[in-house]
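Undergrad: Right, I'll just put the structure down here and ask away after.
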Amino acid sequence: MTDQYAVIGNPIGHTKSPLIHGLFADETKQDMTYAAIEGPLEPEGAFADVVRAFGASGGKGMNVTAPFKLKAFAMADERSERASLAGAANALKFENGRIVAENFDGIGLVRDIEVNLGVPLEAQRVLMLGAGGAARGALLPFLAARPAEFVIANRDIAKANALIADAGARGSVRACAYGDLETMGRYDLVVNATSASLTGDLPPVPPTVFSPEGTAYELAYGKRLTPFLRLARNVGVRGIADGVGMLVEQAAEAFAWWRGVRPQTRAVIDRLTVPLD
Ligand code: ATR
């Protein structure tokens, strides 16, 4: 029987997941469908009911997007360590009547940077802006890549410190205020994990953090040259990228987790890429 998968979010109209997973399924010859479901925002509990009903009707797995990642995590029977640190799930698997929660956002991000952009993180200086949900998802995969130094800048520094405390002691990671960055030198990679780009804003990052030979990475995708990427380009940063590769790589991780076969990502990334300018 054809296996069923879906992405659930609200709104869900602009999701690229059915296209991405459809291309993966064609390439790897998997007998599966992948739908988009608009999840209910209320009443409380309605989201979990829809997820359980999908699993009970034979669904094998789901991707979860805004605003349901926390609810999906909370309702799961089992959770990966990555999902637990993020407190959020972006992928679920239905297995023997149980719901397993994963979070592939961070690993997709690191894979895009290291494999697709060809920027190994080991022994590099890495700066991440933001300490919200996106940053939480990225922290463990970043630390696993063994950068020489990993700094998290956030307006609310207590939030950044809480994130580091939750991760436990795993390598060289510390929090700082944006104002401290002026005296902290250049970073090989600067990642914008804030939600500032969604409103067209620029985090208060000084241009001195960028290295011309380095990379500036924007988690948002399809928004062309965001204020963050524009700043990086204006100071001469060679490598600038948005999150389209991360989107496809996290999907590939989920696909491999569900199906046991890893799809190719290059052609799918090229197909979804919106030129930055
Ligand atoms: P989510 O969980 O959806 O990522 P969030 O938890 O509200 O949302 O986190 C948003 C992140 O973007 C936070 O790190 C936030 O910084 P603060 O914690 O200091 O508020 C950051 N952020 C949002 N708008 C920003 C802006 N204009 N400049 C800098 N940081 C911004």
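Undergrad: When Y221, Y34 are ordered from fewest to most other Cβ atoms inside 10 Å of their Cβ, what list results? Don't jump to the answer; show the numbers that get you there.
TA: Values: Y221 20, Y34 23.
If I rank by nearby Cβ atoms, fewest first, I get Y221, Y34.
Undergrad: To the nearest 0.05, what FRET efficiency results for K159 and T273 with a Förster distance of 30 Å applied to their C-beta separation? Please report the intermediate quantities before stating the final value.
TA: Numbers: r = 32 Å, r/R0 = 1.07.
My answer for the efficiency is 0.40.
Undergrad: Let me ask something additional. Which Cα, out of A123, G9, G137, lies furthest along the positive dipole direction of the chain (beta carbon charges, K/R +1, D/E -1)?
TA: Value: A123.
Undergrad: I want to verify a result. In a Gaussian network model of the chain, Cα cutoff 10 Å, which of these has the top mean-square fluctuation: V261, V248, V190?
TA: V261
Undergrad: Hey, what D do you get for the chain in µm²/s if you plug the Kirkwood alpha-carbon radius into Stokes-Einstein at 20 °C and 1.002 mPa s?
TA: In µm²/s, the coefficient is 112.
Undergrad: Now for a different question. Could you run the Karplus curve 6.51 cos²θ - 1.76 cosθ + 1.60 with θ = phi - 60° over segment 203-218 and give me ³J(HN,Hα) per residue in whole Hz, x for Gly and Pro?
TA: After applying 6.51 cos²θ - 1.76 cosθ + 1.60, I find x, x, 9, x, x, 5, 6, 7, 10, x, 7, x, 9, 10, 10, 9 Hz.
Undergrad: Considering only DSSP beta bridges whose two residues both sit in the chain, what percent are antiparallel, to the nearest 5? Please report the intermediate quantities before stating the final value.
TA: Details: 8 of 43 bridges.
Here the share of antiparallel DSSP bridges comes out near 20 percent.
Undergrad: Okay, next question. Among P141, P212, P43, which one shows the biggest mean-square fluctuation in a GNM of the chain, springs joining Cα atoms closer than 10 Å?
TA: P43
Undergrad: By counting other Cβ atoms within 10 Å of each Cβ, how are R155, R79 ranked from fewest to most?
TA: Numbers: R155 15, R79 20.
Least crowded to most crowded, the residues run R155, R79.
Undergrad: A further question on this structure: Measure off 7 Å from each Cα along the Cα-to-Cβ vector at A256 and T199, then give the distance between these two points in nanometres to one decimal.
TA: Placing both labels 7 Å beyond Cα along the Cβ direction yields 3.7 nm.
Undergrad: Please give the peptides 66-77, 106-117 ranked by average Cβ packing (other Cβ atoms within 10 Å per residue), highest first, as a rough proxy for protection.
TA: On the way: 66-77: 18.2, 106-117: 21.3.
Packing order, densest peptide first, comes out as 106-117, 66-77.
Undergrad: Tell me the volume per residue, in Å³, of the convex hull enclosing the alpha carbons of segment 106-242.
TA: Numbers: hull volume 12.8 nm³, N = 137.
Each residue corresponds to 93 Å³ of Cα convex hull volume.
Undergrad: Once you treat every alpha carbon in segment 1-139 as an equal point and sum by Debye, what is log10 I(q)/I(0) at q = 0.10, 0.12 Å⁻¹?
TA: Values, matching the q order: -0.37, -0.52.
Undergrad: Once every DSSP H run of n ≥ 4 in the chain is given -39500 (n - 2.57) and the sum is divided by its residues, what mean residue ellipticity at 222 nm do you get, rounded to the nearest 500 deg cm²/dmol? Show your work: numbers first, answer last.
TA: Working: 10 runs with 97 residues, N = 277.
Computed mean residue ellipticity for the chain: -10000 deg cm²/dmol.
Undergrad: Straight-line reach only, C-alpha to C-alpha below 19 angstrom: list the aspartates and glutamates that K60 could link to, leaving out same-chain residues fewer than 8 apart.
TA: D3, D26, D31, E38, D49, D77, E78, E95, E102, E253
Undergrad: Please give the peptides 86-97, 226-237 ranked by average Cβ packing (other Cβ atoms within 10 Å per residue), highest first, as a rough proxy for protection. Intermediate values should be presented prior to the final figure.
TA: Values: 86-97: 21.2, 226-237: 19.0.
Result, highest mean Cβ count within 10 Å first: 86-97, 226-237.
Rule-based calculations on the coordinates, nothing more; no lab input. Fair warning: this is a prediction, and the values are worked out from it, not measured in the lab. Here the Cβ is made from the backbone with ideal geometry for all residues, glycine too, and neighbour counts use every protein chain on show.
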